[in-house]
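Taken together, the values in this text are just the output of simple stated rules run on the coordinates, not laboratory data. What you see is a predicted model, and the numbers here were worked out from it, not measured in a lab. Neighbour counts run over all protein chains shown; Cβ positions are idealised from the backbone, glycine included.
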Amino acid sequence: MRVNGMVVTTLGARVDPDLDVVDVDGQRVRASPERWIVFHKPAGILTTRSDPHGGRTVYDLLPADLRPLRYVGRLDRDTEGLLLLANEGELAHHLLHPSSGVEREYHAGVAGRPSVDALQGLRLGVELEDGPAHVLRAHVLEGEADGAVLALVLARGRKREVRRLLKAVGHPVRWLRRVRFGPIRLGELPRGGWRELTMVEVEALRATLLQDRGA
């Protein structure tokens, strides 16, 4: 490998893709352009690269040029909604770290209409099998024939956390949709649809981390 015309033999040598010219076996190496998309994952689809049991995954629904992207966090099989995918690993890692406090907002169709006490219980905290959990905010959006629709905001993404919280307060989930991750909203994106994030939206993700760190 050559960097700026000089042979490099040191393992772990650092290069700046914006400034340095890297050649391997005489071929110029170019960094892939930063790419972020938001995808509306339908229910029944797995958030995984492949499934040995033959289940459909998010990558089966994306065009070939988007399949190298990595998903940023997961949605379980039965949950639909906003899923970010990107090729920028460092920012994705920081967004998912528990210390980041990046908000996730969900709309949940639940059995029954939660009382004021039940909503307060979600905010104060519920003891789950893997430790206490709580929501930042919770309120009823509307009623349904078989229950109600809630809006819930959390700052973490533990496995099936929303479902477990709502079951614990006596209102099992009938359907669940993530509608926001940090500053990125699902909006009117149809199920199975995707779109590129704008530069403004990517910078908003970065700004979210800076705010959470008090920078």
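Listed peptides 109-117, 60-68 appear in the order 109-117, 60-68 once ranked by packing, highest mean of other Cβ atoms within 10 Å at the front. When Rg and the Kirkwood radius Rh are both evaluated on Cα atoms of the stretch 78-191, their ratio Rg/Rh stands at 0.97.
Pairs of Cα atoms under 8 Å, at least six residues apart: use those to get the relative contact order of the stretch 103-181, whole percent. Once divided by the residue count of the stretch 103-181, the mean separation gives 48 percent. Evaluated with a Cβ-only charge set (Lys, Arg +1; Asp, Glu -1), the stretch 68-215 carries a dipole of roughly 200 debye about its Cα centre, given to the nearest 20.
In this calculation the C-beta distance from residue 111 to residue 134 is compared with R0 = 25 Å, giving a FRET efficiency of 0.75. Listed by Cβ neighbour count within 10 Å, with the fewest neighbours leading, 181, 39 appear as 181, 39. Once you list every other residue whose beta carbon is under 10 Å from the beta carbon of residue 144, what net charge do they have if Lys and Arg are +1 and Asp and Glu are -1? Around residue 144, the surrounding residues sum to 0. For residue 191, neighbours were defined as the other residues whose beta-carbon sits under 15 Å from its Cβ, and their charges (Lys and Arg +1, Asp and Glu -1) total +2.
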